[in-house]
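Quick note: the coordinates plus some simple rules give every number you see, no bench work behind them. The structure displayed is predicted, hence computed values, not measured ones. So basically every Cβ, Gly included, is an ideal-geometry build from the backbone, and we count neighbours across all protein chains shown.
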Amino acid sequence: MPCVDLNADLGEGFPHDAELMPLLTSVNVACGGHAGNDDIMRNTLALARRFGVQVGAHPGYSDPEHFGRRELDLSDEALRQTLRDQVFRLKKVGDLEGVAIRYLKPHGALYNRACREGPTAEVVIEVAREMRLALLGLPGSELERAAKHNEVRFVPEGFADRRYRTDGSLVPRSEPHALIEDPREGAEQVLWLIRERGVETICVHGDNPRAVAFVTALRQSLAEAGVTILPFSTDGRADLSSPRLRSY
């Protein structure tokens, strides 16, 4: 029976985090760059602890005006420093809340650029390795190649609510039909991603106003298809010991 992790980007100031959290097995928490602040981080981590959801850092370009969805021309050192600052900020809140930060997933334009460009991928990998975090990214991307070269645990990620180009990259949000709104179509794409792309985790976006209904229906469709939802572990094996497994 296939299994997959289900993650979402939360802590970004949208109103459905508390409803989404019990539906997830991993949560990518904004670190104050594109969105979030210490209070939001604390509340998000408290929710994750309550529902047994594993936590990853979700840093991006420090550009809240454009929600981190615009590429910024930063030097490698400037990018490295902003990533460190954001992840350390979340780790500090995590220490106060008793929640470990287990992986890193870049946000928005940084995610797309790091998947596409080797130099940006190397900076992201350096920060993940330094902080002993696993890394989420698109399979076959520069992020995956850099992670394997630097012996960083790489978790191939797919998207249930975004469409793909033929080269495996995501259709930009600025283009028509970039988003998938039908959860059954999303489930069909997830099955293809598991089978053909070897993904271990699936992302849904918490900024979607219909995210709760989408994820609820997606989970039902995946269950009907025989897919088990459970968290990945940072050592590369399914985390069968997770208390969340008992919920499904």
Q | Per-residue Cβ neighbour rank within 10 angstrom, fewest leading, Leu218, Leu193 | A | Leu193, Leu218
Q: Determine, for each peptide in 37-46, 19-28, the mean count of other beta carbons within 10 angstrom over its residues, then list the peptides with the highest first.
A: 19-28, 37-46
(Q) With unit charges on the beta carbons (Lys and Arg positive, Asp and Glu negative) and the dipole taken about the Cα centre of segment 194-236, which residue among Ile194, Phe232, His205 sits farthest to the positive side? (A) His205
Q. Projected area of the chain, taken from the Cα convex hull and averaged over every viewing direction, in nm²?
A. 12.0
Q | More than 28 Å apart - percent of Cα-Cα pairs taken over segment 69-206 | A | 20
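Please report, to one decimal in angstroms, the Kirkwood hydrodynamic radius of segment 37-118 built from all distinct Cα-Cα pairs.
Working: mean 1/r = 0.0741 Å⁻¹.
Averaging 1/r across every pair of different Cα atoms and inverting gives 13.5 Å.
Could you order peptides 209-216, 174-181, 105-112 by the average number of other Cβ atoms within 10 Å of their residues, highest first?
Working: 209-216: 16.9, 174-181: 11.6, 105-112: 24.4.
The packing order, highest mean first, is 105-112, 209-216, 174-181.
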Q: Hydropathy first: keep DSSP H helices in the chain averaging at least 0.0 on Kyte-Doolittle, then drop any whose Cα extent along the axis falls short of 15 Å, and list what survives.
A: 118-130, 211-224
Q. Once the piece of chain linking Glu117 and Asn43 is laid out straight, how much longer is it, given 0.36 nm per residue of separation minus the C-alpha distance between them?
A. 23.2 nm
Q: Post the alpha-carbon centroid distance, segment 1-32 to segment 49-103, in whole angstrom.
A: 15
